[in-house]
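J.: Okay, here's the structure, questions in a sec.
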Amino acid sequence: MEFSKLIQERKSIRGYLNKPVPRELIEEIIEVAKWAPSSMNTQPWHVYVVTGEPLDRIRQGNSNNMMQGVPPKRDFPMKEQYEGVHRKRQIDIAVQLFDAMGIARDDKVQRTDWVMRGFRQFDAPVSLVLTYDKYLEPAAISQFDLGAFSHAIVLAAWERGLGCVINGQGIMQSSVVREHAGIADDQNIMICIAMGYPDHDFVANQVKSVREPTDGFVRYVGFESSVQA
Ligand SMILES: Cc1cc2nc3c(=O)[nH]c(=O)nc-3n(C[C@H](O)[C@H](O)[C@H](O)COP(=O)(O)O)c2cc1C
């Protein structure tokens, strides 16, 4: 698929067919994605590809802890609350998803059900848990590298007819993920990527998130003078 079409067509998938993803296909996706750039070519990523019973145990442990009010535990400091325009965009995508799902603002049961789906990684058949070596902390640059790698994964998956949602909800209880995915103590868990064949009848999968007009976040500097020169 042409790259510009691929990157604009891809979207997060939050409903999956109950169909296993062949391991060879995941291997192919990772082979492609590893060509992502990284700081000084450090390639600081590790991937734990989890399916079957271990993934079910992660879903269960993550959901149980979250429902019992165990405070979320991530492996690095995170911003608790977005503000201003970031908060607005966060709300906008939630509204798009709830509208698609027909979930009313005051429907606590359905809203909780939606949040629970997130804690279960939307019941995807596979989860790729991305980690980096703990010693890299403070790891902003390595985290940036894992971001580039993640985008490459979701694009390579999309190109092959697979959908993904990069998701933080599924790893809110990092000790649960660590235990059931067998993640070494010298690793920090960055994020997980739920992956599977999209269920095209699942209405939230129709949602297309929006992007800001480009001139709102780009400043061209020095171009006028170079034109004059
Ligand atoms: C770091 C990261 C964490 C995310 N966590 C979640 C999540 O926990 N639950 C969820 O439904 N979507 C999650 N998403 C998906 C975003 O909501 C989504 O990428 C964004 O709304 C843009 O939509 P698009 O991916 O369809 O273009 C996450 C995305 C990223 C990059």
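J.: Give the residues of the stretch 68-103 that are touching a helix residue (DSSP H, G or I) at 6+ places or on another chain (Cβ under 8 Å), in a loop (DSSP other than H, G, I, E, B) and either of a type in the set (D, E, K, R) or surrounded by 15 or more Cβ atoms within 10 Å (Cβ to Cβ) (or both), sorted by residue number.
T.: 72, 74, 75, 76, 103
J.: Can you name every residue in the stretch 1-14 that is out of contact with any strand residue (DSSP E or B) (no Cβ under 7 Å at 6 or more places or on another chain) and either within 14 Å of the ligand (Cβ to nearest atom) or aromatic (Phe, Trp, Tyr) (or both)? Give the steps one after another, and end with the answer.
T.: First, pick out the residues of the stretch 1-14 that are out of contact with any strand residue (DSSP E or B) (no Cβ under 7 Å at 6 or more places or on another chain): 1-11.
Hits for the stretch 1-14 are 3, 6, 7, 8, 9, 10, 11.
J.: Quickly run through the stretch 207-227 and pick out the residues that are within 16 Å of the ligand (Cβ to nearest atom) and of a type in the set (A, V, I, L, M, F, W, C).
T.: Scanning the stretch 207-227 gives 207, 210, 217.
J.: Enumerate the pairs (first residue in the stretch 171-191 and more than 11 Å from residue 75 (Cα to Cα) and small (Gly, Ala, Ser); second residue anywhere and within 16 Å of the ligand (Cβ to nearest atom) and at pLDDT 95 or above) with beta-carbon separation below 7 Å, excluding pairs fewer than 6 apart on the same chain, so at least 6 apart or on different chains.
T.: 181/58; 181/129
J.: Check off (1) more than 16 Å from the ligand (Cβ to nearest atom); (2) among the hydrophobic types (A, V, I, L, M, F, W, C); (3) part of a helix (DSSP H, G or I) for residue 35 and give me the number that stays unchecked.
T.: Only one criterion is unmet by residue 35, namely (3).
J.: Scan the stretch 10-24 and give yes if some residue there is of a type in the set (A, V, I, L, M) and more than 24 Å from residue 203 (Cβ to Cβ), otherwise no.
T.: Looking through the stretch 10-24, none of the residues is of a type in the set (A, V, I, L, M) and more than 24 Å from residue 203 (Cβ to Cβ).
J.: Checking residue 98 against (1) in contact (Cβ under 8 Å) with a residue 60 or more places away in the chain; (2) closer than 21 Å to residue 210 by Cα, which test does it fail?
T.: Unmet for residue 98, out of (1) in contact (Cβ under 8 Å) with a residue 60 or more places away in the chain; (2) closer than 21 Å to residue 210 by Cα: (1).
J.: Okay, next question. Looking at (1) loosely packed, with under 12 Cβ neighbours inside 10 Å; (2) more than 15 Å from the ligand (Cβ to nearest atom); (3) in a helix (DSSP H, G or I), which is the one condition that is false for residue 56?
T.: (1)
J.: Among the residues of the stretch 166-180, is there at least one that is within 28 Å of residue 4 (Cβ to Cβ), within 14 Å of the ligand (Cβ to nearest atom) and among the hydrophobic types (A, V, I, L, M, F, W, C)?
T.: Yes, that holds for at least one residue.
The values are calculated or read from the model by the stated rules, or taken from the named source; none is laboratory data. Keep in mind that this is a model prediction, so the values were computed, not measured. Don't worry about glycine lacking a Cβ; one is built from the backbone with ideal geometry, like all the others, and counts go over all protein chains shown.
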